[in-house]
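What follows is a single structure, written as structure tokens, with notes after it.
None of the figures in this text is laboratory data; all of them are computed from the coordinates on show. All of these numbers come straight from a predicted model, not from anything done at the bench. Please note: Cβ atoms are built from the backbone with ideal geometry, for glycine as well, and neighbour counts cover all protein chains shown.
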Amino acid sequence: MSDDKKLTTRAENFSDWYNELVLRAELADYSPVRGCMVIRPHGYGVWERMQRALDDMFKATGHVNAYFPLFIPESFLSKEAQHVEGFAPECAVVTHGGGKQLEERLVVRPTSETIIYSMFAKWVQSYRDLPLLYNQWANVVRWEMRTRLFLRTMEFLWQEGHTAHATHDEAEAETRRMLGVYRDFMEGWMAMPVITGQKTESEKFAGALRTYACEAMMQDNKALQAGTSHNLGQNFAKAFDLTFQNEQGQQDYAWNTSWGVSTRMIGGLVMTHGDDSGLRLPPRLTPIQMVIVPIWKTDEERAATIEVAKRIAEELGSYKRPDHERIRVHVDDRIGIKPGAKYYHWELRGIPLRLEIGPRDLAANSGMLARRDTREKRSISLDALRTELPAILDTIQADMLAAARARLEANTIRERISYDRFKEVMDGPGAFVYAGWNGDPAVEARVKEETKATIRVIPDAEFRSSEAPTTCMVTGEPAKYEVVWARSY
RNA sequence: CGGGGCGUAGCGUAGCCCGGUAUCGCGCCUGCUUUGGGAGCAGGAGGUCGCCGGUUCGAAUCCGGCCGCCCCGACCA
């Protein structure tokens, strides 16, 4: 795809901007199958970085990976009433195989609770077998009516954690622990600040006791649910006869949790950090951290600058360097393309650093280093790259989080506002609005109907306002909770 | 599934009302000259005009049907 045209700006049309950016930065493309996308190497490279970081965090919190089948017997889904009600309408179902109609239809997993807990039931007899702390990296299918690249596709990639515990409290602690892992990942790796909290009844997972979520604010001030963690109670254990003998010798149902994040996070990354020149990738997740653009006039200069560039790339990226000192460098040695065109190319793709090396630099053993996030450009000694780059990348990572956090705060409303004012805000610029709620689902439904805004979360303590709201924004009745309202993806 | 828009070369488009097999830009290929913020010139390749049918001597264009995609709604990670 060509790089020569300007992007639609975010102000002109945020939605067009997003679609164009995803396509032109070569993160993904539309596929021949409606609602399904192809994740291209640049996008998949980001996903691989995400997987690696998260997988390390899961392992460090005691989890192990396993893999369960893509196909689930249709009857499994029906065993948990809420679950089937929530997922049946969006399931793809296999009716034929090998040219014959199947005796029992197979559902293509929309999520794997049922098949995983059916297996857990086989493996657990005693409290000594607990907890089971499993995770799987997989694809799932949900037959969506309306799709958008990364944000909602019919097939998507994710990880789903599934655990079984002896007590409610252990399961609750696990649910909260993994929500914290997600938050750490989103803030520490994606540089995307989130609000954590509990979902209301109407927004919780089908079959869960409680659902917790990480909500991030996109640049159009809409919320993106970026990760969820569910305390499933004993609902699935009862449906799949997942029982164990406890210390007292009695049979008891296990307590389950499940938690997941998906390729949707890549959409969140784009809408958190992208600008009108293209993508901006945080250093910890970008497939390429620095691109070197050699500049020359003569053949001799070309040979010399490319040679130096390649030597630097090899040194900095050597597998012999310790992991935290290794820099992912790409040399753009394409011939016949002017340096300026290369700058635009890599800026569109969000590469955090660009090093320009021309004949003048070579003579001084230096290069021009440009930051994608701030567009700052300065001279740097080539000998200093090795020692300085890790700190520069850390700075970019931190600055991107700080900028995103400042934007979140600038578009958050905490002062008491009237419901009329709330409607204006939602119809206008949008915001995260902290307000009192009387706890009535009917009020929630009415606000959604009238403003398209929903309660994103009942925020965790650290996010709540210093002075709790006393009245419901909509009815004026005493407030039961402080909640965060916003339109969402 | 309701509302709106659109299908012409890899991408974006003109032509369609007033039928005569296709315009322009970008990209791509070759050569030469270029290369510190989107190169220039010359030559060249690439299209069953979404699909099926109808009208006609003749259809990108008119008529009927179908399919697909995008956007807005209901649903949703």
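Excluding A:Arg360 itself, what net charge comes from residues whose Cβ is under 14 Å from its Cβ, given Lys and Arg +1 and Asp and Glu -1?
Charge balance in the 14 Å sphere: -2.
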- On a C-alpha basis, how far is the centre of segment A:28-48 from the centre of segment A:93-171 in Å? Whole number, if you could? 22
- Message: Here is the link list: A:Lys204/A:Lys448; A:Lys6/A:Lys448; A:Lys199/A:Lys480; A:Lys59/A:Lys79; A:Lys59/A:Lys238. Which ones come out longer than 25 Å on Cα distance?
- Response: A:Lys6/A:Lys448; A:Lys59/A:Lys79; A:Lys59/A:Lys238
- Cα-based reach from A:Lys377 at 21 Å (exclusive), listing lysines while leaving out same-chain residues under 8 positions away: A:Lys338, A:Lys342
- Item | Between segment A:274-329 and segment A:382-440, the alpha-carbon center distance in angstrom | 31
- Item | Charge context of A:Ile295, other residues only, Cβ under 10 angstrom, K/R +1, D/E -1 | +2
- Message: Going by average Cβ density within 10 Å per residue, which order do the peptides A:186-195, A:151-160 take, highest to lowest?
- Response: A:186-195, A:151-160
- Query: Considering amide H positions built from the backbone, and no H for Pro or chain starts, which residues 5 or more places from A:Arg456, or on another chain, come under 5 Å of its amide H?
  - Reply: A:Val484, A:Trp485, A:Ala486
- Query: Remind me, relative contact order of chain A in percent, using alpha carbon pairs under 8 angstrom and six or more residues apart?
  - Reply: 14
- Query: For segment A:72-77, in order, what is each residue's ³J(HN,Hα) by Karplus, 6.51 cos²θ - 1.76 cosθ + 1.60 with θ = phi - 60°, in whole Hz (x at glycine and Pro)?
  - Reply: 10, x, 4, 5, 4, 4
- Estimate the FRET efficiency between A:Tyr30 and A:Thr374 by the formula 1/(1 + (r/R0)^6), using the beta-carbon distance for r and 35 Å for R0, to the nearest 0.05. 0.60
